[in-house]
Amino acid sequence: MHFDILTLFPSMFQGPLEESILKRAQESGRLSITLHNIRDYASDKHHITDDAPYGGGGGMVMKPEPIFAAVEAIVGQDTSVPRILVSPQGRLFSQAIASELAHFPSLLLICGRYEGVDERVRQHLVTDEISIGDYVLTGGELAAMVVLDAVTRLLPGVLGDPGAVLHDSHAQGLLEGPHYTRPADFRGWRVPEVLLSGDHAAIARWRREQALRRTRERRPDLLDGLQLSLQDRDFLAQLEMESSGMDDERGD
Ligand code: SAM
């Protein structure tokens, strides 16, 4: 998969792209990234990419011409490549959106700065806007890295264990349950016995129940509308009874 990333600060990407899974994905040819400095596409002699907002007010706005010139030089008239503006006003990024994006052979990400980009970029150039959360960052570079990272780990062959992503939190609507590794006893805190039993069916059931329990405790909203088996629903009903029993004991 190929990413074209438009930014005023290409060097911000150096660290994350040169480590661990993102580095290995590039070395194996599963991922390629081209960083484009928007400043290189400004046609005036000072390579100006921002200007004061019409109507007054503080802050600067990114000019449309360099961004249009960059996108047109990179993808031309190819409408098959999603042109994504990262923006706090976009659709909220999620594992489902990461999976959707992982199906494209190529993506183009535009990183805003200052007060954001001229509205005509949003209206006439981009095909999608993605927010990584309900807060405002100083620029789109960190948001673009989040999208790049979440999409890349879904690409075939990028993770050592291809099944791992299936059990990740949010992959199938649940949070993942707890993980343990050696030692089996750390400061008197023991690993649950079932994990040491070698009984794969029992371990799979325990993991499923832990995922259900954790999701119910931390993100009950995720359970709404989720397709659950009879066994899952029985387990959740049992948890419900346990907690109402505890409420009764407390006199709530
Ligand atoms: N004035 C803008 C607003 O209120 O919507 C915020 C501009 S922000 C300071 C500068 C740039 O950072 C944005 O153009 C966008 O590219 C990026 N950015 C900030 N917060 C973001 C978020 N939550 N998700 C994605 N991109 C974000």
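Any read-out appearing in this document is the output of simple, stated calculations on the displayed coordinates, not a laboratory observation. Since the model is a prediction, treat every value here as computed from it, not as a measurement. Cβ placement follows ideal geometry from the backbone for every residue including glycine, while neighbour counts extend to all protein chains displayed.
Pair-distance distribution P(r) for the chain, from all Cα-Cα distances in 5 Å bins starting at 0: 1, 5, 10, 13, 14, 12, 10, 9, 7, 6, 5, 4, 2, 1, 0, 0 percent. Across the chain, the mean sequence separation of Cα contacts (distance under 8 Å, 6 or more residues apart), normalised by length, yields a relative contact order of 18 percent. Ranked from largest, the principal axis spans of the Cα set of region 197-251 equal 41, 29, 20 Å. Looking at the chain as a GNM with Cα springs under 10 Å, which of 20, 94, 131 has the largest mean-square fluctuation? Sorting by GNM fluctuation, first place goes to 20. Rounded, prolate or oblate: pick one for region 1-74, where a ≥ b ≥ c are the square roots of the eigenvalues of its C-alpha gyration tensor, a/c under 1.5 means rounded, and failing that, prolate if a/b is larger than b/c, else oblate. Judged from the Cα gyration tensor, region 1-74 comes out prolate (a/c at least 1.5, a/b above b/c). Length gained on full extension, residue 127 to residue 172, computed as 0.36 nm times the residue gap minus the Cα-Cα distance: 13.5 nm.
What is region 70-156 by shape, rounded, prolate or oblate, if you read a ≥ b ≥ c off the alpha carbon gyration tensor as root eigenvalues and call it rounded for a/c under 1.5, prolate for a/b larger than b/c, and oblate otherwise? In terms of gyration-tensor shape, oblate. The loop-placed chymotrypsin sites (Phe, Trp or Tyr not before Pro) in region 148-198, going by DSSP, that have at most 13 neighbouring Cβ atoms within 10 Å of their Cβ come out as 180. Once you've got the GNM for the chain with C-alpha springs shorter than 10 Å, pick whichever of 234, 40, 50 has the biggest mean-square fluctuation. For the chain, modelled as a Gaussian network with Cα springs under 10 Å, the answer is 234. Between residue 179 and residue 233, the modelled labels are 3.3 nm apart [label points 7 Å from Cα along Cα→Cβ].
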